[in-house]
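Heads up, the thing below is written out as structure tokens.
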Amino acid sequence: MIDLSTWMLSVPEGTPAQTISTPTLVSGFKDKYFHSDTGTLFFWAPVTGTVTESAIYPRCELREANADGSVRNWLYGAADNTLRATLSVDQVPSSGKVVIGQIHVYGSNQPLLKVEYQYKTKTQTGNIVAKVRYHLDDDEPTVIQVATGVPLGKQFNYLIHLSPGGMLSVDSAGYTWADQISATWKASQLYFKAGVYTQDNTGDTTEGGTVTFYKLAIAHSTSS
């Protein structure tokens, strides 16, 4: 069973989009956008869904939290920070793009890292892409292709790792990418996100992103 006590949830309903608290999530919350009663996590974000403040695309996405429902943020230098998942991307919007994991920044609209699935009609498979802002003041991320050949509906893994020394890596679908981020991030309050963030906002109510997570775990490990 996936531990939901480290998360809160945003669903694409209401204006701005509704936040489901950690205690409510743990007690078995479910709706048409999210459910966990099968032992897996189902996420659905239609292109017609409402958006969070300052966003232009809809999401059904978990945000790192404490068990009491308060937000959890961290400094990367304080621990070895990992987000590990097994999932399948089951539907994509017409853009072909859904974000499936992030390292976000408290008080900012610009994440440090987005991990994105990009479906390619020509190959009938998807690429896993990392969008990285190496420096705190980067206006645009650097786009890195991490993995290729991931079909819709097929399970794959990802591991996001940010070390205390600022080494960032993304392992996914048998491929690995790693690089050093700038020390300008050292004082930033960071947090993990996971789910489906649909990178499209045009179409009908049946169009959007659907993702199923089979495993999902956060760790912040300190050396003894």
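A short reminder: the numbers here are calculations on the coordinates, not readings from a lab. What you are looking at is a predicted structure, and each value in this text was computed from that prediction instead of being measured. All Cβ positions, glycine included, derive from the backbone under ideal geometry; neighbour counts span all protein chains shown.
Would you give the gap between the C-alpha center of segment 156-224 and the C-alpha center of segment 101-137, rounded to a whole Å? Each part reduced to its Cα centre gives a spacing of 8 Å. For the chain, adding -39500 (n - 2.57) for each run of n ≥ 4 DSSP H residues and dividing by the number of residues yields -500 deg cm²/dmol at 222 nm. The tail of the calculated P(r) for the chain beyond 29 Å holds 20 percent of all Cα-Cα pairs.
Cross-link candidates for LYS131: which lysines have Cα within less than 27 Å, leaving aside residues fewer than 8 places away along the same chain? Result set, ordered by chain and number: LYS97, LYS114, LYS120, LYS122, LYS154, LYS186, LYS193, LYS215.
Along segment 36-51 the Karplus relation, 6.51 cos²θ - 1.76 cosθ + 1.60 evaluated at θ = phi - 60°, assigns HN-Hα couplings of 10, 6, 9, x, 10, 10, 9, 10, 9, 10, x, 4, 8, x, 6, 10 Hz to successive residues, with x for each Gly and Pro. For the peptides 133-143, 74-84, the ranking by packing is 74-84, 133-143, with the highest mean count of neighbouring Cβ atoms within 10 Å listed first.
Taking amide H as placed 1.01 Å from N in the peptide plane, GLN18 has its amide H under 5 Å from the amide H of VAL11, GLU13, each at least 5 places away in sequence or on another chain. Given +1 at the Cβ of Lys and Arg, -1 at the Cβ of Asp and Glu and no other charges, the dipole of segment 167-224 around its Cα centre is 360 debye to the nearest 20.
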